[in-house]
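The values are calculated or read from the model by the stated rules, or taken from the named source; none is laboratory data. Just so you know, these numbers come straight off a predicted model, no measurement behind them. Heads up, the Cβs are rebuilt from the backbone with ideal geometry, glycines too, and the neighbour counts pull from every protein chain shown.
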Amino acid sequence: MDQRIAEVERNTLETQIKIKVNLDGSGKASFSTGVPFLEHMLDQIARHGLIDMEIDAEGDLRIDAHHTVEDVGITLGQAFAKALGDKKGIYRYGHAYVPLDEALSRVVIDFSGRPGLFYEVKFPKAMIGTFDVDLFREFFQGFVNHAGVTLHIDNLKGANAHHIAETVFKALGRAIRMAIAADSRMAGMMPSTKGSL
């Protein structure tokens, strides 16, 4: 399998974003987004997905974090799509259950080429520090639309908003790691009866 590395830049009037990913990395990550809690969550994807990730983003944070968070999701999705290429030889599907103390979340992903987000996460409060939890959906929607994945995210239990968020992002990292792994029995083959994803 070729090196699965991609760099993507996305520039709008609201945000300027550069992302580099190595899907076969060791979980090293560096972030500069101006949104610390988002960076903490992105670090979970990198560490638990064993994906090297560099993200630099400048956004209109004087308004709020909405555009920055959404556009990081969009650009990260574009980077994944570019790095995966035709997706031959991958497992395609991945899933993970992750606990953190009282919280438990399940994430299931399909690198199907068909964007779909099914998100059932209820937070006990609207803010985690200065981070608006509504922005998580915007991040995932951007990622899903541009990575071309079907993504099911379910928080099964939890009382602490920080714990809930961490279980979601850790589970996403683990599910991605499973789905994009090279399947030796599928080497060079498309994991679809349609012949393309």
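Within region 105-117, restricting attention to residues that are among the hydrophobic types (A, V, I, L, M, F, W, C) and touching a helix residue (DSSP H, G or I) at 6+ places or on another chain (Cβ under 6 Å), the residue that is farthest from Ala161 (Cα to Cα) is Phe111. Answer yes or no: is there a residue in region 23-33 that is assigned to a loop (DSSP other than H, G, I, E, B), under 17 Å from Phe140 (Cα atoms) and in contact (Cβ under 8 Å) with a residue 40 or more places away in the chain. Among the residues of region 23-33, not one is assigned to a loop (DSSP other than H, G, I, E, B), under 17 Å from Phe140 (Cα atoms) and in contact (Cβ under 8 Å) with a residue 40 or more places away in the chain, which makes the answer no.
Select from region 48-68 the residues that are in a helix (DSSP H, G or I) and either without any contact (Cβ under 8 Å) to a residue 12 or more places away in the chain or under 12 Å from the mean Cα position of the chain (by Cα) (or both) and list them in ascending order. Outline the logic, then answer.
Applying the first criterion (in a helix (DSSP H, G or I)) to region 48-68 yields 48-49, 66-68.
Within region 48-68, His48, Gly49 meet the criteria.
Going through (1) over 23 Å from Ala182 (Cα atoms); (2) out of contact with any Phe, Trp or Tyr (no Cβ under 8 Å at 6 or more places or on another chain) one by one, Gly85 falls short only on (1).
In the set Leu156, Leu117, only one residue is within 17 Å of Ala179 (Cβ to Cβ), modelled with pLDDT of 95 or more, in a strand (DSSP E or B) and not aromatic (Phe, Trp, Tyr); that residue is Leu117.
Close Cβ contacts (under 6 Å, 6 or more residues apart or on different chains) running from residues in region 176-197 that are in a helix (DSSP H, G or I) to residues that are β-branched (Val, Ile, Thr) comprise Ala179/Ile109.
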